[in-house]
Amino acid sequence: MTGVRPPRLAERWLHVVLPADVAHAFCGDLAEEYERVRSTRRWPAVWYWWQTATFTARYFIEAISLSPRSSRSVVRGLSQDMRIGVRSLVRAPLSSLFVIVTLAATIGVNTAIVSIVDAALLRPFPYTDGDRLVQIELSEPQKGVHTIETPYLTFLEWRQRTRTFDGLAAHVTFGLNLGGDHAPEPVHTTFASASLFSILGVEPVLGRVFTAAEDAPGGDIYKVVISHALWQRRFGGASDVIGRRVLLDMEPYTVIGVMPRGFGFPFRSDAWAPAERWPYRTSPALRTHRVVARLTATATIAQVRADLEAISLQLEREWPQTHEGLRATVISMRDAEIGGVKPYLLLLLGAASALLLIACANVATLMTVRGIGRIPKFAVRRALGMSRWRLVRQLAAENLLLGSAGGALGLFAAIYGVGVLPQVIPIDLPLWFEVRPDARMLFACVALTLLTTVIFGFAPASAARRGPSAARVATMSGTTSMRPLLTGGQVALSVVLLVSAGLLVRTARNLNEQSPGFRAADLVTAHLSLAYDKFPKQMAVRERIVRQTAEFRQMEERLERLSGVEGVAGANNAPFESFGARSHSRVTAEGHSEDAHARNPYVERMTVSPDYFRTLEVPLFAGRTFEDRDDMDRPLVAIVNRGLAERLWPRGDAIGQRLKLGAFGESRPWLQVVGIVGDVKHRALDSEPEMVVYVPDSQSYPGTYTFVMRAAGGVPDPAAVQAAVARVDPHQAVFDVRTMHRSIARTTWPRTLAASLLTGFALLALLLAAIGIYGVLSHAVAQRAREIGVRLALGAQVADVMRLVLRQGLSIVVGGLVSGLLLVFFVARTMAGLLFRVTPVDPVTFASVCALLLIVALVACYLPARRAAHTDLNTVLRRD
Amino acid sequence: MADKEFLGEFEQMVLLAILRLGTNAYGVTIREEIEARTGRAVSRGAIYITLDRLEAKGYLRSSLAEPTAERGGKAKRICRVEKAGIAALRASRRALFNLWHGLGPVLRDS
């Protein structure tokens, strides 16, 4: 023979699926051509595989379609195969049931995960040419600080100077009170640049969107575009809604357009109004707006980065006070929306695939064992003239039956799984993210089923293919020598899954053990959006604050009377909530140099009621908390958290010092520090505590207000909360009454959900591996029954025989365990970013997994070993 | 049956190619012959399925030659056209000729 052999596996495949004579001649043809192809093509093996695949497909398609007679006979043959298949499956109900349940579980899991990954990462983004949409964010590399939001003024500069974008739009979302004839209704309203809609490539279904002229200083800004849902809900889908007046935060807006169904950018907004309308937009210290942009058709990411870097440097030169060290960074819109979940999705996808392989190995082993038991039957059929091809077809039909049954059940499992998804995820998913039973899910399920059937069916079919001749039993046991390898592989993959799950479980536990800095149990929050123009425009700020504070105190009093509520406080925003805008700014301590000021951290300014610290149980370390006497007639006061106090006044003399917010030298009022409280985390349990300057709500006017209630008696009825608030202000709507636990879960859910799913997968994998070990050993014991019987008859001890079997079983397990540990060593490294206070090579996790696996394996080995030890030679001999 | 059923275009091509190739007609050479003469790409699957069908109708007979090392120890499936095959080719040609006859002026330019 000349040259190199063609790919053996492909040849083998052809021999398995094609009639023998066709396979023989065709493989010869391919081998002949392969010699020529090797000298002319770079990857002759790819060519060979391609020919194999296309030939197989063509052969079968044409066999069915070209000749009506043969197609009829194919159908007849198939239905006969299926009938025989059903009969033989029913004859072994237990193993059939086991195979079907195993396949259903793994195909179901895989279909669900693939569908979720598809919805999140693969489906086209719902905006025109969505892959060119990016979000521009702000970071300070020197300080390691990154914020998604940008000051509106900075956005305006970017928009003016950039060259690599077709358009930039700023947007910020607030809850507004939709008034009118109905009870006040909370409406998430996005104040956006007019270019937002063209950047996203979305057109209204009715009317128009606002123009650049309307979104400019002095423009007619009281225009609103509403969502399809709000149009239906509030206006009954009336076609004459355009031109109607609505009251948003008691101000009249004209409805000019209705957006298409499913559009809720940036998230679940119900209304869009010009960005120029948002009244606080001019403060350079407030990072409030998100910026979305569309890349020009030719711009590359490198060009965009260079462009933004140049602009950042210009701004830094021109406005050092507000832009020093600030850099604009860009990420794709898809990553901005679901980037945080992506690694978990990929992890789960990997885990599900591993589970599928484990299940395939298990089923393949079982089917081969069944095949061995049927050798005599096959031999008889062959002797009666049944072709080998026919035999393989029959086995394939059985596999297909099992696979289809598993796949069909799996599809139901997947539909159920993605159905409960919204209930186990504590956040509202983006409107565009939708996983529902559809053609894509069905396709995924069918593809997975076929793939699984081919994988698990290959070994038994190729074994049977070799033909049940007399010499075949030996060949067959050649195939069975593959089984310990398959089982070892199952053990290895189970180790990988168990360790990954263990690491995530420990991460989730470590997270939950983190204190947020206050007692989260029994806390319930409810949000108010305060109408900016609630009080007459000519009213002095001072007067507004006094009147608003009085209202807050009255509302708190009424809320306290609700059943189960023990204490009520308020703040412009609550920890772990993202309802109101968080304002971050520079802080200046009195007497500090400009250099020292530059090193100060960005602080969050929170407006809180006097009872805030007491209600949340944030400890007071020095000084006092706010009191009712801290009103507009008294000096302005502030409370800082301990971390900030230590940064600004390391000598521990913070009480009585003065600080002010804003850039160095900016004329802002000084605030006197009257208290130091504990550090509180605002964003996530694994984040650093926030640096906060608290000011009393009686000296500052918040844009939003969140009531924090200590309610041991459970979550108060939202309607009762709304009623209590409306008693004081009938125009005030209440948003999102929910527990603090849920709010915290909103930040931890990807980890906890991934941890529990992965644990489920890992335990299933362990169970399957254990069954695999048990199966392999049982079969080995049955095969060696005569030998074992002789040994026992010759005086071998029960312990000797047990040791013999256990050694065989444990060698498989240890082999799998070692390869699994080597494998997981690399896999766990890629997980490092998802872990919290656990190293990827956490000894506790590794040791526990090894111990668990060995215990389970011992049990799986023990049962066959015990059976072997009680082998009775007489019975064996009589059976033979 | 052969009188009533005419050969399909591809069946004719395969039979004609086998006749042209003489004693060396098998999968590879048949495909190459058709591609060379007609300029049309032919799939290997189509050749095999057509050979199967023509053999089932009794138009050709195939036999396995001696295995060769060049072919990885596999034999060639050498094909020979049977008398019935030649008769079927004739019938098809006659039918087509009768249909073509007299259309010279119409088809001259095309």
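Just so you know, all these numbers are worked out from the coordinates, no wet-lab data involved. On a predicted model such as this, the values are computed, not experimentally measured, just so you know. Positions of Cβ are backbone-derived with ideal geometry, glycine not excepted, and every protein chain shown enters the neighbour counts.
Tabulated data for the structure shown
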| quantity | calculated |
| --- | --- |
| Efficiency of FRET between A:PHE621 and A:ALA310 - r from beta-carbon atoms, R0 41 angstrom, step 0.05 | 0.35 |
| Peptide ranges A:52-58, A:82-88 listed from the most packed, as the mean C-beta count within 10 angstrom indicates | A:52-58, A:82-88 |
| Nearest-20 debye value, chain A charge dipole, Cβ charges on Lys, Arg, Asp, Glu | 5000 debye |
| Rounded Å value of the spacing that divides the Cα centres of segment B:1-50 and segment A:197-250 | 69 Å |
| Under 27 Å between alpha carbons - lysine pairs in the protein assembly as shown that sit 8 or more apart or on different chains | 12 |
| Cut-off 13 Å between beta-carbons: net charge of the residues surrounding A:GLY567, Lys and Arg +1, Asp and Glu -1 | -3 |
| Candidates B:GLY39, B:GLY85, B:GLY58: whichever shows maximal mean-square fluctuation once chain B is modelled as a Gaussian network with Cα springs under 10 Å | B:GLY39 |
| Proximal charge balance of A:GLY130 [Cβ under 14 Å; K/R count +1, D/E count -1] | -1 |
| Sparsely packed trypsin sites (Lys or Arg not before Pro) within segment A:579-679, loop by DSSP, other Cβ within 10 Å at most 11 | A:ARG599, A:ARG629, A:ARG651 |
| Charge context of A:PRO426, other residues only, Cβ under 10 angstrom, K/R +1, D/E -1 | +2 |
| Other protein chain Cβ atoms within 10 Å, averaged over every residue that makes up A:14-25 | 3 |
| Mean projected area (nm²) of the alpha-carbon convex hull when chain A is viewed from all directions | 48.9 nm² |
| Two-site FRET efficiency, A:VAL546 against A:GLU318, from Cβ-Cβ distance with R₀ of 30 Å, rounded to 0.05 | 0.15 |
| Distance in nm between pseudo-label sites at A:VAL4 and B:PHE6 (7 Å out along the Cβ direction from Cα) | 5.0 nm |
| Relative contact order, percent, chain A [alpha-carbon distance under 8 Å, six or more residues apart] | 15 percent |
| Convex hull volume of segment A:599-733 per residue (C-alpha atoms, cubic angstrom) | 151 Å³ |
| Most positive-pole-ward Cα, A:THR748, A:HIS731, A:ALA712, against dipole of segment A:708-775 from beta carbon charges | A:THR748 |
| Convex hull (Cα only) mean projected area of segment A:297-442, reported in nm² to one decimal | 16.4 nm² |
| Three-way shape call for segment B:1-75 based on the alpha-carbon gyration tensor, with the a/c threshold at 1.5 | oblate |
